[in-house]
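Remarks on the structure that follows.
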Amino acid sequence: MKGAKQNEVFFSTTIKECTLFKKLSSKEITSLLELFHIEDWPKETCIINHRKLFYHFHIILSGRIKMYQVDTFNGKELTLFLLTNNDVFDLFCLLDGCEHNVYYECLDDAKVLAAPMDTLRDWLNKNPKLYKNFLPYAGSQLRMLENTVSDMTFTNISTRLIKLILKNVNKSSKNLELINDLSNKELANLIGSTRAVVNRHLQKLKKNGCIKLSRNRLEIKDLNLLLHLLENQGGKNYL
C-alpha cells in the first residue's frame, strides 16, 4: 500500500511537470491518472509498430527515447527529437487521429505512463480548457523541426555540432547533459551527418581545447571558447 501511494505521488508530480497538463486541480490529476498505466521498456527497445503508437499516448517518467526516421533505401537515420522526463508522444496522433510513421528507440531503460488514445481524447473533450496547453507545446516542437531543417540546409557540420552541444549545456551547472554519453553515431543522427564526420569534428574541438573526450563520455572543457567558435561562424549564443 505504501508503494502504491508513493507511485501515485510520483505520477502526480510527473503530470504536474508535464507542459500539457500544468495547472490541473488535484481532482483533475486524480481523474487523469486513472487513464494511465506504467510500462517498463528496456534499453534498445525499438517501437516500429505504428499501430501501437496510434492507439496509445505516452508520458516519459525516466530515461531517454529517440524519435527518428529511416530512409528505406539506404538505411540512414535522422533523429527528429530526443525525448526525456516529462516529454510526451505521440501528440500528433492524439490531435489529428492519424497514424504517424516514425520510429522510437530507448537509449536507456525507460519508464513511461501509457493511456489509450480514445480514452484520453474523451477525457480532454470533457475538460476542453486543457487544449490551450497543447498549442505552446506543439509550437515548440514545430519550431525545433524548423530549426533542424534550416540548419541542415544552410549550416555546415561543424556549426551544427557546436549548436547541438551548447543546446544541451545546463545553464546553471554549465555541464553537458542528455547527449554527454551518446555514441558518435547517435550524435550524427541528431545533426544529419555520419559517425566518421562527427568523430573528425569532435577531435578538432578536443584539439582546440573546447571539449574533453573519454570512452562514451563528452565533457565541456572551455565553454567560452566553444561559444567564441560558434559566434565566429555566425551562430547564436545559446547561454
Practice task
For the range 192-207, name all the residues that are open to solvent by less than 90 Å² (accessible area, probe 1.4 Å), without any contact (Cβ under 8 Å) to a residue 60 or more places away in the chain and not hydrophobic (A, V, I, L, M, F, W, C).
Solution key: 193, 194, 199, 201, 203
Problem - Hits in the range 13-59 (condition: under 14 Å from residue 123 (Cα atoms) and part of a helix (DSSP H, G or I)) - result: 20, 21, 27, 28, 29, 30, 31, 32, 33
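Let's see how each residue does on (1) surrounded by fewer than 17 Cβ atoms within 10 Å (Cβ to Cβ); (2) among the β-branched types (Val, Ile, Thr); (3) under 23 Å from residue 195 (Cα atoms):
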position	(1), (2), (3)
23	yes, no, no
56	no, no, no
62	yes, no, no
73	yes, no, yes
108	yes, no, yes
Exercise for the section: Confirm whether residue 94 is surrounded by 16 or more Cβ atoms within 10 Å (Cβ to Cβ), farther than 21 Å from residue 147 by Cβ and over 20 Å from the mean Cα position of the chain (by Cα). Expected result: no
Fill in the blank from the handout: Of 189, 175, the only residue that is modelled with pLDDT of 90 or more, open to solvent by 80 Å² or more (accessible area, probe 1.4 Å) and in contact with a strand residue (DSSP E or B) (Cβ under 8 Å, 6 or more places away or on another chain) is 175
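The values are calculated or read from the model by the stated rules, or taken from the named source; none is laboratory data. Given the structure is predicted, the values throughout are model-derived calculations rather than measurements. Heads up, the Cβs are rebuilt from the backbone with ideal geometry, glycines too, and the neighbour counts pull from every protein chain shown. To get the accessible areas, we keep the full protein, side chains included, count just its heavy atoms, and leave off ligands, DNA and RNA. Shrake-Rupley method; radii C 1.70, N 1.55, O 1.52, S 1.80 Å.
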